[in-house]
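Inspection log for the structure reproduced underneath, given as structure tokens.
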Amino acid sequence: MVMNDMIQLTTAVLLNVLAYIFYTINVSLCCFLFMIASFTTFNTPLNLAGMALERYIAICNPLQHAQICTVRRTHVLIGLIWIFSAIPIVPDLFVIIATENISFFYSAVYCYRDNVFRHPYLVEKKNISNMIYLSFVWLTLFYTYFRIMFAAKATGADARKARNTILLHGLQLFLCMLTYIGPLLESVLVGLFPMLINDLRYTSYIFIYILPRFISPIVYGLRDQMFCAHLKKSLVCFIQKEQNKSKIQPS
């Protein structure tokens, strides 16, 4: 998921910078970058579902965990996640190739999904795909959370820690849901405040693409005891170094 979020953020930042600098870019380049951004955006909720299942197996079926969650099966699961993430976006490319004139791919547009994938069929397909994927992930998280919550009452801190991790996964998934309602909300706000279109799109970019990816460092960074120990040590050394500098400088 870390690699996926790095690719997603890099692509999203690049698209945002190009939109602010050039406003319009080549359709082919926009299509390529947007497909990567959409692919990695779909990947995040599926990764969360897979990680929740792993925690569920570790807490509720600890004796079978080593047999079920092998390295080979983990690689297979990662491959399936990437395949299912590509299913909603790859057919869109074939649709626009079949329906658009060749001159369209040499033109320049503002790099926005509806400006590139503008066939009415693609809009309906996008909504249906979002509903199916989101429903599957939510059901997975709810099921694993409640099973782990019941297990946490009878066991120790490991189950409670797993429960808290899945809660954070739920928060991250809730923020990822903004990806699906963001375009509709943005279109409404743009209609109400057309003079603030750039500000609205930038705000949407921050809350939809940047903020959800900040949860991962909290879940897997700040909650890790070894990482926190090294972080505190580095902060103490930095503070002491700055204090020594201030003492050496003449008044």
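The values are calculated or read from the model by the stated rules, or taken from the named source; none is laboratory data. Fair warning: this is a prediction, and the values are worked out from it, not measured in the lab. Note that we place each Cβ from the backbone using ideal geometry, even for glycine, and neighbour counts take in every protein chain shown. SASA here: full protein model, heavy atoms, side chains in, ligands and nucleic acids out. Shrake-Rupley method; radii C 1.70, N 1.55, O 1.52, S 1.80 Å.
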*Find the residue count for segment 12-36, including only residues that are open to solvent by less than 10 Å² (accessible area, probe 1.4 Å) and touching a Ser or Thr at 6+ places or on another chain (Cβ under 8 Å).*
1
_I need every pair where a residue in segment 91-118 that is more than 16 Å from residue 19 (Cβ to Cβ) has its Cβ under 7 Å from the Cβ of a residue that is part of a helix (DSSP H, G or I) and of a type in the set (Gly, Ala, Ser), sequence separation at least 6 or different chains._
105/28
*Candidate set from segment 38-80 (those that are without any contact (Cβ under 8 Å) to a residue 40 or more places away in the chain and small (Gly, Ala, Ser)); member that is least open to solvent (accessible area, probe 1.4 Å)*: 50
*Can you find even one residue in segment 107-124 that is open to solvent by 60 Å² or more (accessible area, probe 1.4 Å), within 26 Å of residue 3 (Cβ to Cβ) and either assigned to a helix (DSSP H, G or I) or at pLDDT 80 or above (or both)?*
no
_I'm trying to understand the selection: among the residues of segment 164-180, which are modelled with pLDDT of 65 or more, open to solvent by 30 Å² or more (accessible area, probe 1.4 Å) and not polar (S, T, N, Q)?_
167, 168, 171, 174, 177, 178
*Can residue 104 be described as in a helix (DSSP H, G or I) and either open to solvent by less than 60 Å² (accessible area, probe 1.4 Å) or closer than 19 Å to residue 35 by Cβ (or both)?*
yes
*asked:* I'm trying to understand the selection: among the residues of segment 151-161, which are exposed (fewer than 14 other Cβ atoms within 10 Å of the Cβ) and either at pLDDT 70 or above or in a helix (DSSP H, G or I) (or both)?
replied: 153, 154, 157
